[in-house]
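What follows is a set of notes on a single structure, which appears directly below.
The values are calculated or read from the model by the stated rules, or taken from the named source; none is laboratory data. Computed from a predicted model, the values in this text were never measured in an experiment. Neighbour counts are summed over all protein chains in view; Cβ atoms, including those assigned to glycine, are modelled from backbone coordinates with ideal geometry.
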Ligand SMILES: [Zn+2]
């Protein structure tokens, strides 16, 4: 009876050992397979990380191209992984790979949020820039020949040098004169100062343009205009010796050389 008991006991112990060994082998295989899976996942995560680095480089290039403010190095530091924690050294190899992959994924999630915000910021800045360009004088106000330029010029009546605040463009009476950027007419009438029939346009962003000596005005005070809107017809009204447009560009009240704002070929 005792013998049977002992036999049964040892058999069960033997059986139990075999179960443990089987279980161990199964766990080892599973561990190996998990390690392989994590290695693959880690490679993918590294790949995504590299693509993010490219995205950041593109962001920097766009910023430099459009003179947008840079993002400080400290701000960019966010999300860069810290050193391995002490607890990780006690982990199994697969546990460490899992922890490292998890940390890297966490960094990528933070980085993607950070980069999305940076790109939204850039979009906003570029929309603003586009708006500013649309309001900046940038074309010839009419077709014709540039005669007197900006700066000290001999006055056609007195022959003495005088400050010329604009540029004179000559052509036949009736040649269309156009607004050179988006804006609003702030003056459309006869100028007692010598510019004859005059239109002045406020473009915002500190820009004002003026167009003088016209034979006919085709806009009214307060009217919104866009680049290319015909505002009047060329003439020789006011202090003028022949048919031409006297064109001025002001920024923050200062007269600038209109030539710098005539970027198209006529
Ligand atoms: Zn002039």
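Take residue 109 and decide whether it is more than 16 Å from the ligand (Cβ to nearest atom) and in contact with a helix residue (DSSP H, G or I) (Cβ under 8 Å, 6 or more places away or on another chain).
Details: more than 16 Å from the ligand (Cβ to nearest atom): yes; in contact with a helix residue (DSSP H, G or I) (Cβ under 8 Å, 6 or more places away or on another chain): no.
In short, no.
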Residue count, the range 133-153, condition within 12 Å of the ligand (Cβ to nearest atom), on the phi < 0 side of the Ramachandran plot and in a strand (DSSP E or B), comes to 2
Can you go through 227, 210, 254, 259 and tell me which one is within 40 Å of the chain's Cα centre (by Cα) and more than 22 Å from residue 148 (Cα to Cα)?
227
With (1) assigned to a strand (DSSP E or B); (2) surrounded by 19 or more Cβ atoms within 10 Å (Cβ to Cβ) as the list, and residue 190 as the residue in question, which single condition is left unmet?
(2)
Just to be sure I understand the filter: pairs with C-beta atoms under 8 Å, separated by 6 or more residues or on different chains, first member in the range 136-160 and closer than 20 Å to residue 261 by Cα, second member within 15 Å of the ligand (Cβ to nearest atom) and at pLDDT below 85. Which pairs pass?
148/156
Mind counting the residues in the range 161-178 that are surrounded by fewer than 18 Cβ atoms within 10 Å (Cβ to Cβ), out of contact with any strand residue (DSSP E or B) (no Cβ under 6 Å at 6 or more places or on another chain) and farther than 16 Å from residue 256 by Cα?
2
Checklist (1) within 11 Å of the ligand (Cβ to nearest atom); (2) farther than 22 Å from residue 251 by Cα; (3) within 37 Å of the chain's Cα centre (by Cα) applied to residue 170, failing item:
(3)
When you go through 63, 107, 118, 96 one by one, which is the residue that is over 23 Å from residue 209 (Cα atoms), surrounded by 10 or more Cβ atoms within 10 Å (Cβ to Cβ), without any contact (Cβ under 8 Å) to a residue 24 or more places away in the chain and not assigned by TED's automatic domain parsing to the domain that holds residue 235?
96
Counting just the residues of the range 243-252 that are farther than 9 Å from residue 212 by Cα and within 13 Å of the ligand (Cβ to nearest atom), which one comes out surrounded by the most Cβ atoms within 10 Å (Cβ to Cβ)?
249
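Condition check: under 30 Å from residue 46 (Cβ atoms) and out of contact with any helix residue (DSSP H, G or I) (no Cβ under 9 Å at 6 or more places or on another chain). Does residue 90 satisfy that? Steps first, please.
On the way: under 30 Å from residue 46 (Cβ atoms): yes; out of contact with any helix residue (DSSP H, G or I) (no Cβ under 9 Å at 6 or more places or on another chain): yes.
Judged against the criteria, residue 90 is a match.
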Is there any pair linking a residue in the range 237-255 that is closer than 15 Å to residue 204 by Cα to one that is assigned to a loop (DSSP other than H, G, I, E, B), with Cβ under 7 Å and at least six apart or on different chains, and which?
249/137; 251/206; 252/206
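Scan the range 209-242 for residues that are within 16 Å of the ligand (Cβ to nearest atom) and either part of a strand (DSSP E or B) or closer than 14 Å to residue 195 by Cβ (or both) and report the count.
16
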Please find, within the range 253-266, the residue that is farthest from the ligand (Cβ to nearest atom) out of those that are within 17 Å of residue 169 (Cα to Cα) and part of a loop (DSSP other than H, G, I, E, B).
265
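I need a count of the residues in the range 197-208 that are more than 14 Å from residue 231 (Cβ to Cβ) and either in a strand (DSSP E or B) or free of Cβ contacts under 8 Å to residues at least 40 places away in the same chain (or both). Write out each step before concluding.
Filtering the range 197-208 for residues more than 14 Å from residue 231 (Cβ to Cβ) gives 204-207.
With the extra rule that they be either in a strand (DSSP E or B) or free of Cβ contacts under 8 Å to residues at least 40 places away in the same chain (or both), the set shrinks to 204, 207.
Matching residues across the range 197-208 total 2.
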